[in-house]
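Read through the structure below, which is laid out as structure tokens, and then see the notes.
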Amino acid sequence: MPYDDPLPDARSAAESDPAVADVGLSEEQAKLFRDLPLPAWVFDEETLRFLDVNDAAVAIYGHPRERFLRMSIRDIRPREDADRVERHVRSRTERYDADEPWRHRTADGRLLEVAIDSHATRWCGRPARLVVARDVTRPNRAAREVEALNRRLAEEARRYQRLAAFGAAIETIHEVDALVRHGLEELTELLGMDGAGFYDLHAGEAILRHAFRLEERRRSGAILTRQTSDSGLVGRVAATGRPEWTPVYDRSPYAASRVLGRGLGSQLTLPVQEAGRVAYVLGVVTFDRTVDLDEHALAVARAFVHRLENALDRVRTLGEIRATREATFRAFGVALEARNYETAGHTDRVSDRAVAFARRLGLPPEELRAIQWGAYLHDVGKLAIPDAILLKPGRLTPDEFEVVRQHADIGDRMIRDLAFLPAATRQIVRHHHERWDGGGYPDGLAGPDVPLPARLFALVDVHDALRRERPYKSAWSAEATREEIARCAGTQFDPALTTAFLEAFDD
């Protein structure tokens, strides 16, 4: 039993005035002890029993004085703190001021957090401790609440910073697939989830088009790659157009039955709209664990998806503009080949082959597009060449040939003010008749001074011209064409590019 009788000398001391000389407290100290507004007590260092307590201790801890004097200091401590109590008492330091609060239990079971100041003393000739305790429960609770608030504010700030960074980053992404992949990765990291998927809603089905960190779970069947668009959480969000937060997937009434029990933890499912309708559904999930997303996190996720929607709309609009622009460029090329009696399909053939050759050489995607545009527009300057010269069936006079040579410079001036055209496009239009030996036009550039896009396109253009019949010549055979191109390496053509071209194409 914890409430054993105290030692006889402690009982007699407790029943006498605390100011008796044998107790070890002066009269002044005894008065301070009794009147101190903070809980205070004296306990025996050997037995840990209370030898005396003041009125504040009785009031705050709820034990009558008589009960206190039958207890030890272990009786006001939680059981799990026993080791710390023993270490503190056995340290026998002259004065002890705890760095961390102690936990004390009151008579009605409440836990208090207290800061203690402990002094070594003697009581009736025995080593004892005088302890003063200060209740810090409320200040500590307030401090913890402030700390929790600070953590929450820091997390909110981190999410907003990541959202702002995402908004800035997506302005530099101009392909839908790349944009979606980036969005899945960022939202997964932002929310502290494990993976994400992007479903395309089409013809009554929801098809997983993009995934981030889902491959292993997809193989195990925990992630569906195809489902009807009216089933599961994906179907729920597709039908309502509202986000769905599911803290525990297997408990959701909308969970897909085929994946129950396969380790899905929590899932946030969000609609992605296009032209005012839900066209896609984005899901972010955890595996083998659940998470707690507060309203702030959900609001950030919704804002995130809204920015993704705007970015997708921008990219699609740019794609439509680009497609329209490319169609316009191609139309120019086709119109020119018709006017010039070029063999049908010249524009498409040189465009396709120039892009294929550039890709084989390892040029980046943006350079491929510029080369394609250059192939469409390479002879745009011929619009200014009179029909009498351009369509003349016989050999041109030197003066007439000089007029034709002007088409490269004219074409360059025609497109000069189109600020969106890349440099490689203009280089092809102006320099595709330059020669490696410097004998070309309009600028007489030689060797590597001739821009690379123009050097590679010159090979493609001449190859197509030789292989096709024209009003003034028959089509050359593949063998004869290859021999002629090889013969012109180092004079008309870049020798290294010539070798690469002949290795890449055998027709």
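The values are calculated or read from the model by the stated rules, or taken from the named source; none is laboratory data. Note that the coordinates shown come from a computational prediction; the quantities given were computed from them, not determined experimentally. With ideal geometry, Cβ positions are generated from the backbone for all residues, glycine too; neighbour counts draw on all protein chains shown.
With respect to THR269, determine if the residue is crowded, with 18+ Cβ neighbours inside 10 Å and either of a type in the set (Val, Ile, Thr) or outside the structural domain of MET193 (by TED's automatic domain parsing) (or both).
yes
For VAL53, indicate whether it is assigned by TED's automatic domain parsing to the domain that holds LEU111, at pLDDT below 90, surrounded by 18 or more Cβ atoms within 10 Å (Cβ to Cβ) and touching a helix residue (DSSP H, G or I) at 6+ places or on another chain (Cβ under 7 Å).
So VAL53 fails the test.
Does any residue of the stretch 371-378 turn out to be among the hydrophobic types (A, V, I, L, M, F, W, C) and touching a residue at least 60 places away in the same chain (Cβ under 8 Å)?
The answer is yes, given that some residue of the stretch 371-378 is among the hydrophobic types (A, V, I, L, M, F, W, C) and touching a residue at least 60 places away in the same chain (Cβ under 8 Å).
In the stretch 386-422, which residue that is in contact with an Asp or Glu (Cβ under 8 Å, 6 or more places away or on another chain) and in contact (Cβ under 8 Å) with a residue 12 or more places away in the chain is farthest from TYR376 (Cα to Cα)?
Checked the stretch 386-422; the qualifying residue farthest from TYR376 (Cα to Cα) is ILE389.
Under 6 Å between Cβ atoms, which residue pairs at least 6 apart in sequence (or on different chains) link something in the stretch 150-177 that is within 17 Å of GLU295 (Cα to Cα) with a partner that is of a type outside the set (A, V, I, L, M) and outside any loop (DSSP other than H, G, I, E, B)?
Going by the 6 Å Cβ cut-off, the qualifying pairs are GLU156/HIS296; LEU163/PHE304.
Considering only residues that are more than 12 Å from GLU171 (Cα to Cα), under 20 Å from the mean Cα position of the chain (by Cα) and not acidic (Asp, Glu), which ones fall in the stretch 304-319?
Selection gives PHE304, VAL305, HIS306.
Spot the failing condition for ALA354; the list is (1) without any contact (Cβ under 8 Å) to a residue 12 or more places away in the chain; (2) of a type in the set (A, V, I, L, M, F, W, C); (3) crowded, with 24+ Cβ neighbours inside 10 Å, and only one is missed.
It is condition (1) that ALA354 fails.
Out of the residues in the stretch 94-132 that are among the small types (Gly, Ala, Ser), in contact with a Phe, Trp or Tyr (Cβ under 7 Å, 6 or more places away or on another chain) and closer than 22 Å to PRO64 by Cα, which is modelled with the highest pLDDT?
Only one residue fits best here, namely ALA107.
Of these, LEU497, LEU459, LEU421, which one is within 43 Å of the chain's Cα centre (by Cα), surrounded by 15 or more Cβ atoms within 10 Å (Cβ to Cβ), under 25 Å from GLU366 (Cβ atoms) and modelled with pLDDT of 95 or more?
Every option except LEU497 fails the conditions.
How many of the residues making up the stretch 104-124 are free of Cβ contacts under 8 Å to residues at least 60 places away in the same chain, surrounded by fewer than 16 Cβ atoms within 10 Å (Cβ to Cβ) and of a type in the set (Lys, Arg)?
Total meeting the criteria: 1.
Determine if the stretch 75-93 includes at least one residue that is surrounded by 11 or more Cβ atoms within 10 Å (Cβ to Cβ), part of a loop (DSSP other than H, G, I, E, B), of a type in the set (A, V, I, L, M, F, W, C) and modelled with pLDDT under 90.
The answer is no; no qualifying residue exists.
Taking strands (runs of 3 or more DSSP E) that do not extend beyond the stretch 178-243, which have at least 1 residues that are over 29 Å from GLY319 (Cα atoms)?
Those strands (runs of 3 or more DSSP E) span 226-228.
Which one is modelled with the lowest pLDDT, of the residues in the stretch 21-36 that are closer than 15 Å to VAL132 by Cβ and of a type outside the set (Lys, Arg)?
LEU25
Collect the residues in the stretch 469-494 that are basic (Lys, Arg) and surrounded by 17 or more Cβ atoms within 10 Å (Cβ to Cβ), keeping them in residue-number order.
ARG482, the sole residue that qualifies.
Pick from the stretch 163-177 the residues that are β-branched (Val, Ile, Thr), assigned to a helix (DSSP H, G or I) and in contact with a helix residue (DSSP H, G or I) (Cβ under 6 Å, 6 or more places away or on another chain): which of them is surrounded by the most Cβ atoms within 10 Å (Cβ to Cβ)?
ILE170
Would you check which residues across the stretch 199-243 are at positive phi, touching a helix residue (DSSP H, G or I) at 6+ places or on another chain (Cβ under 8 Å) and surrounded by fewer than 15 Cβ atoms within 10 Å (Cβ to Cβ) and list them?
GLY221
Would you confirm, using the coordinates I've provided, whether THR498 is assigned to a helix (DSSP H, G or I), in contact with a strand residue (DSSP E or B) (Cβ under 6 Å, 6 or more places away or on another chain), assigned by TED's automatic domain parsing to the domain that holds LEU368 and within 22 Å of GLY374 (Cα to Cα)?
In short, yes.
Give the stretch 246-273 a look and list any residue that's within 22 Å of GLU215 (Cβ to Cβ) and part of a loop (DSSP other than H, G, I, E, B), or say none.
Answer for the stretch 246-273, where residues must be within 22 Å of GLU215 (Cβ to Cβ) and part of a loop (DSSP other than H, G, I, E, B): ALA255, ALA256, LEU260, GLY261, ARG262, GLY263.
So GLY490 fits all but one of (1) on the phi > 0 side of the Ramachandran plot; (2) touching a Gly at 6+ places or on another chain (Cβ under 8 Å); what number is the exception?
Condition (2) is where GLY490 drops out.
Residues to consider are PRO18, PRO39; find the one that is modelled with pLDDT of 90 or more and crowded, with 21+ Cβ neighbours inside 10 Å.
Result of the check over PRO18, PRO39: PRO39.
Is there a residue in the stretch 246-258 that is outside the structural domain of VAL380 (by TED's automatic domain parsing) and in contact (Cβ under 8 Å) with a residue 40 or more places away in the chain?
yes
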